Amino acid sequence: MTQLERLITIGMIILATTLTRLLPFLLFPAGKPTPRYIQYLGKVLPSAVFGLLIIYCLKHVSIFTGSHGIPELLAIALVAVLHLWKRQMLLSIAGGTLCYMLLVQFIL
């Protein structure tokens, strides 16, 4: 990559980052109410993303080979317990990930 190409790449990254940070404030100013469909998306998208993450993580798990899905099942159970107990998504995800990594690396 030449020096000019590097500068163009850095400039595009800066522009894209700035645009994604400023665009919501330009589209939805503080004085106007937030549109109902944006409020709806704010309520349903976190759960949808969490569901997609679960499907993505479990798509290659086989109960007939290897560890038979035991690490995954235990990590999912821990995520559910942590989430029901503390109601903090980041804690739930981090706890489940840590549990899964420890099970896969050291136990199962």
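The values are calculated or read from the model by the stated rules, or taken from the named source; none is laboratory data. Since the model is a prediction, treat every value here as computed from it, not as a measurement. Cβ placement follows ideal geometry from the backbone for every residue including glycine, while neighbour counts extend to all protein chains displayed. Heads up: the accessible areas ignore ligands, DNA and RNA and are worked out on the full protein's heavy atoms, side chains in. Shrake-Rupley method; radii C 1.70, N 1.55, O 1.52, S 1.80 Å.
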Here the FRET efficiency for Q105 versus F25, based on Cβ atoms and R0 = 41 Å and rounded to 0.05, is 0.40
Along the Cα→Cβ direction, 7 angstrom out, place labels at T2 and R87. What is the inter-label distance in nm? 5.9 nm
What are the ³J(HN,Hα) couplings of the range 27-44, residue after residue, when phi is run through the Karplus curve with 6.51, -1.76, 1.60 and θ = phi - 60°? Round to Hz, x for glycine and proline. 6, 10, x, 5, x, 9, x, 6, x, 4, 5, 6, 4, 4, 4, x, 7, 9
Tell me which label goes with the value of percent of Cα pairs over 25 Å apart computed from the coordinates here: (1) 52; (2) 39; (3) 67. (1)
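How high is the relative contact order of the chain, in percent, with contacts defined as C-alpha pairs under 8 Å that are six or more residues apart? Show your work: numbers first, answer last.
On the way: 36 pairs, mean separation 17.2, N = 108.
16 percent.
Want the number for T18 to S47: 0.36 nm per residue separation, take away the alpha-carbon distance, what's left? All intermediate terms of the calculation are to be shown ahead of the outcome.
Values: separation 29, 0.36 × 29 = 10.44 nm, distance 2.72 nm.
Answer, rounded to one decimal: 7.7 nm.
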Pick from G51, G69, G11: which is most flexible by mean-square fluctuation in a GNM of the chain where alpha carbon atoms under 10 Å apart are linked? G11
Sequence order, the range 2-8: Karplus ³J(HN,Hα) from phi using 6.51 cos²θ - 1.76 cosθ + 1.60, θ = phi - 60°, Hz rounded, Gly and Pro as x, gives 6, 4, 5, 5, 5, 4, 5
Karplus-derived HN-Hα couplings along the range 97-102 (A = 6.51, B = -1.76, C = 1.60, θ = phi - 60°), whole Hz, x at Gly and Pro: 5, 4, 4, 4, 4, 5
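Using a 1.4 Å probe over the heavy atoms of the protein chains, calculate the carbon and sulfur portion of the accessible area of the range 50-108 as a whole percent.
Details: 3470 of 4610 Å².
Within the range 50-108, the accessible surface is 75 percent carbon and sulfur.
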